[in-house]
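The values are calculated or read from the model by the stated rules, or taken from the named source; none is laboratory data. A quick note: this is a predicted structure, and the numbers were derived from the prediction, not measured. Quick reminder, even Gly has a Cβ in these numbers, built from the backbone with ideal geometry, and neighbours come from all protein chains shown. Note: accessible area is taken over every heavy atom of the protein model, side chains too, but ligands, DNA and RNA are not part of it. Shrake-Rupley method; radii C 1.70, N 1.55, O 1.52, S 1.80 Å.
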Amino acid sequence: MYKRQELPRILFFNINGSGTGPLSRCLAYAHRMRGRARPVFLSLASAIETIHDMGFEADYFVSEFWSRSHINAWNRELAIRMGLMLEELRPVVAVFDGSWPFAGFMHACDQFDIPVRIWSDRGLYKEEMEPVPVMESEFDLVIEPGEVGSDFIVERARRPGRKVTTPPVTLLRCDELLSRADAREQLGLEPDGRYALFSLGPGNLKDVSAVALGLHEEMRARGFTVVFAHAPISVRDVPLPDEVLTISVYPLVRYLRAFDVLASAAGYNACCEIVQAGVPSLLVPNTQVADDQVLRADLTARYAPVVVSPCNTPAERREAVSQLLEIIAAPEPLPAINLDGADRAVDEILAIVTQKHAR
């Protein structure tokens, strides 16, 4: 165990999702823990440099999606790799972020007698999703990062298996977002330019090329310069016209206010950050993922200047862009929203650490 003068060591294990959601949520928790704990990452997401850039220790283990091993063999490999890390680190807490806690993760925690296990499990899954064969009671704490509009709720108080729903979890605090002028200066954009940012997801599960190219034509016809954001875990390039600018920054939310409009997938991070930044946005839900992005996009539209459209056809894209410009021309007041989900989650995590350390 750690010495009393040391900060408690907390291992974050994030899966490699279709986007950077699990990675960004763990980083959000770690970011709020600075000075109070020592976060260390074992990441299945390949964008390991983003963790290092934020000042945290991290190791990478190949995701089951990219491994050639059968899932059973992969879980055995994970248990060994994680076991080596646990033997060296000896954390007081292991936090798993993802929809399905892996057998390798659970076995490693058992073998090394990790005092506290926590499961961060984003909700809003589709009804047809298979049930997870892991009981919430196997964890000391289950955190459900809430959707836009959620408040802090104790779903179940007893331990193990205490469960809370938090307000939306955002990687950065509101005061860490750059102003329009500062963001444009750092990105090298013209102060008076008219810019549309495309952040349509990494394209690893869904080919976003047709939507991106079609929306580019619509935006260009309205006088916008299109800027395309490359996701840090993307493995597929989208063919883009020469006049499209590209950026690769993380976290993207820090720079969102540089743009007049945003076209984005409706992932958890994106929707929370759209509300946080207040940028007029076109949400294009990805229906090929486990979470219900159509429902999330509709929820987000209640709290932010948002248009929702699949943008599959030229007519849908034309109508969506027209509606977005109407929002810009006649903005309406929006309700205030609580975005302190990461802080509330960290309070819960560190409360358990304090209890265990006091024994």
Exercise. Assign unit charges at the C-beta atoms only (+1 for Lys and Arg, -1 for Asp and Glu), then state the dipole size of the chain relative to its Cα centre in Debye, rounded to the nearest 20.
Key: 1020 debye
Quiz item: Which of Ala103, Leu325, Ala301 sits closest to the plus end of the dipole of the chain, meaning its Cα is farthest towards the positive end, when Lys and Arg get +1 and Asp and Glu get -1 on the C-beta?
Solution: Ala103
Quiz prompt | Spatial separation of Cα centroids for region 263-289 and region 329-359, in angstrom | solution = 20 Å
Exercise. Considering only protein heavy atoms, with the full assembly of protein chains and a 1.4 angstrom probe, order Phe152, Phe61, Phe12 by accessible area, largest first.
Key: Phe152, Phe61, Phe12
Exercise. Please identify every one of the trypsin sites (Lys or Arg not before Pro) in region 23-125 that sits in a loop by DSSP and has no more than 14 other beta carbons within 10 Å of its own beta carbon.
Key: Arg34, Arg36, Arg68
Quiz item: To one decimal place, what Kirkwood hydrodynamic radius in Å is obtained for the chain from all pairs of distinct Cα atoms?
Solution: 21.2 Å
Exercise. Compute the distance in nm between two label points, each set 7 Å from the Cα along the Cα-to-Cβ direction, one at Ile71 and one at Ala336.
Key: 4.6 nm
Quiz item: Based on the alpha carbon coordinates of region 241-286, what radius of gyration and maximum Cα-Cα distance (Dmax) apply, in Å?
Solution: 11.0, 31
Quiz item: Full extension from Leu245 to Lys356: what is 0.36 nm times the residue separation minus their Cα-Cα distance, to one decimal in nm?
Solution: 34.9 nm
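How big is D for region 81-220, in µm² s⁻¹ as a whole number, if Stokes-Einstein is applied with the Kirkwood radius of its Cα pairs at 20 °C and 1.002 mPa s? Provide the component values of the computation, followed by the final result.
Numbers: Rh = 19.1 Å.
So the translational diffusion coefficient is about 112 µm²/s.
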Quiz prompt | Rounded to 5, the percent of DSSP beta bridges in region 114-254 classed as antiparallel | solution = 15 percent
Quiz item: Out of residues 5 or more away from Gly161 or on other chains, whose amide H comes under 5 Å of its own, with H placed 1.01 Å from N in the peptide plane?
Solution: Phe139, Asp140, Leu141
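Taking every DSSP beta bridge with both residues inside the chain, roughly what % is antiparallel (nearest 5)? Don't skip to the end; give the middle numbers.
On the way: 4 of 49 bridges.
DSSP beta bridges in the chain are roughly 10 percent antiparallel.
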Self-check item: region 102-178: GluC sites (Glu not before Pro) in DSSP loop, at most 15 other beta carbons within 10 Å
Solution: Glu127, Glu128
